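In what follows, a single structure is set out as structure tokens and then discussed.
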Amino acid sequence: MPRPISATIDLAALRHNLAMVRRHARRSRAFAVIKANGYGHGLERTARALREADGFALLEVDAAVRLREAGYRQRILLIEGFFDARELAAVIERRIAVVVHAAEQIGMLRDMPSGADLDVLLKVNTGMNRLGFAPARAPAVIEALRSNRGVGQITLMTHFANADDARGVAWQMASFERAAQGAGLPRSLANSAAILRFPETHCDWVRPGIMLYGCSPFAENVGAGLDLRPAMTLASELIAVQRLEAGDTVGYGGMFTARHDMRIGVVACGYADGYPRHAPNGTPVAVDGRLTGTVGRVSMDMLCVDLSGVPEAQVGSRVVIWGEGNPIEKVAAASGTVGYELMCALAPRVPVVERG
Ligand SMILES: *Cc1c(COP(=O)(O)O)cnc(C)c1O
């Protein structure tokens, strides 16, 4: 028998979550954000499940070209634009849309053939301070793009820094408004948190990522609380059971000490599968459908779990590392990270099974 770990990707859950995007943002079109290998769910697989999306957004020109060649006709957006002028020929030929966020890119567009009809999303930096033009510069940049005969549609976009927390989006919306007013151009602003929380951000194109995968963008709830369904379930089995006596320790560094006699299970999953090594004792794990916690330090290929509350557990018992029955948000929170990072870190060595 192969090592028992696998990740199940639920295509029906992906479709359901896209339907939830539509329910929240009825009048907007949606770029399904499938960067980072579809947040770890597989690029082609995710695109196939979400083929009804109005567009796809990702980073690599090669991946965008592959989607085009696979027959996808909707908008495909390079969410950081092109990195090099040499990418432009393929982008134009395949009718791929690009984000333009820096003066260097405007320069590279100058030699484009007129009639290239390059679809551009002009990124305005409204406070994230990563990519984008200062709002005050936006009119001049819009003018430069409009006078470029190779440029087709122009859409204004920005990205929110605090859509998921108390600071919210109003401050960035005000800044965006200064850049966009009077331009009469379509707009794309909202990530998942803004889609769920701020209808005023929806505009023409929304850009859902994490919610498509069934994970909440908010610290205070899990996807199920937003009617989302987890698309990834990482599961494995117990491959050994140990009985500990009071005072025994577990694993490298002896990071867990038994306070009384107890049973622990050894799970075929470690940091080489994408499980966070820094997950502390008590990080949630479901064994035979019951929630318990990790004990001891996570090692490369194994982690250990407390079986005190799961007396029927034995070698071969099913273990949900995250996903259905053990929300990834809780595993992430216990480990000091977010569901995004755990999903993206799913290791290539983990076999993937599709469902739905
Ligand atoms: C990743 C990304 C998104 C999606 O964000 P989520 O929080 O996953 O919904 C939207 N817009 C841009 C520019 C992104 O880079």
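The values are calculated or read from the model by the stated rules, or taken from the named source; none is laboratory data. In this text the structure is predicted, and so the values were computed from the model without any measurement. All Cβ positions, even for glycine, are placed from backbone atoms using ideal geometry, and neighbour counts span all protein chains on display. Note: accessible area is taken over every heavy atom of the protein model, side chains too, but ligands, DNA and RNA are not part of it. Shrake-Rupley method; radii C 1.70, N 1.55, O 1.52, S 1.80 Å.
Here residue 83 passes the criteria (1) within 16 Å of the ligand (Cβ to nearest atom); (2) within 30 Å of residue 352 (Cβ to Cβ); (3) touching a helix residue (DSSP H, G or I) at 6+ places or on another chain (Cβ under 8 Å) except the one numbered (3).
Among the candidates 92, 106, which residue alone is under 29 Å from residue 174 (Cβ atoms) and either within 16 Å of the ligand (Cβ to nearest atom) or in a helix (DSSP H, G or I) (or both)? Working first, answer last.
On the way: 92 fails: under 29 Å from residue 174 (Cβ atoms).
Within the list 92, 106, the selection yields 106.
If I filter the range 161-184 down to residues being assigned to a loop (DSSP other than H, G, I, E, B), open to solvent by 30 Å² or more (accessible area, probe 1.4 Å) and more than 9 Å from the ligand (Cβ to nearest atom), which single residue comes out as farthest from residue 101 (Cα to Cα)? Residue satisfying both the conditions and the ranking: 166. Of the residues making up the range 117-131, those that are open to solvent by 10 Å² or more (accessible area, probe 1.4 Å) and either closer than 24 Å to residue 74 by Cα or assigned to a helix (DSSP H, G or I) (or both) are 117, 119, 123. Just so you know, in the range 61-80 the residues that are of a type in the set (Asp, Glu) and either away from the ligand (no atom under 16 Å from the Cβ) or under 23 Å from residue 232 (Cα atoms) (or both) include one that is surrounded by the fewest Cβ atoms within 10 Å (Cβ to Cβ), and it is 69.
Here the range 41-57 is the region considered, the condition is being touching a strand residue (DSSP E or B) at 6+ places or on another chain (Cβ under 7 Å) and within 16 Å of the ligand (Cβ to nearest atom), and the residue that is most open to solvent (accessible area, probe 1.4 Å) is 54.
Only a single item in (1) within 16 Å of the ligand (Cβ to nearest atom); (2) open to solvent by less than 40 Å² (accessible area, probe 1.4 Å); (3) aliphatic (A, V, I, L, M); (4) over 26 Å from residue 199 (Cβ atoms) is not met by residue 11, and it is number (1).
A quick yes/no check of all residues on (1) assigned to a strand (DSSP E or B); (2) of a type outside the set (Asp, Glu); (3) crowded, with 21+ Cβ neighbours inside 10 Å:
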site: 263; (1), (2), (3): yes, yes, no
site: 269; (1), (2), (3): no, yes, yes
site: 301; (1), (2), (3): no, no, no
site: 312; (1), (2), (3): no, no, no
site: 319; (1), (2), (3): yes, yes, yes
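Pull up the range 27-65, narrow it to residues that are in contact with a His (Cβ under 9 Å, 6 or more places away or on another chain) and of a type in the set (A, V, I, L, M), then point me to the one that is farthest from residue 202 (Cα to Cα). First the steps, then the outcome.
Step one: of the range 27-65, the residues in contact with a His (Cβ under 9 Å, 6 or more places away or on another chain) are 27-28, 34, 49.
Subsequent filtering for residues that are of a type in the set (A, V, I, L, M) retains 34, 49.
Working: 34: 19, 49: 23 Å.
Applying the filter and picking the extreme gives 49.
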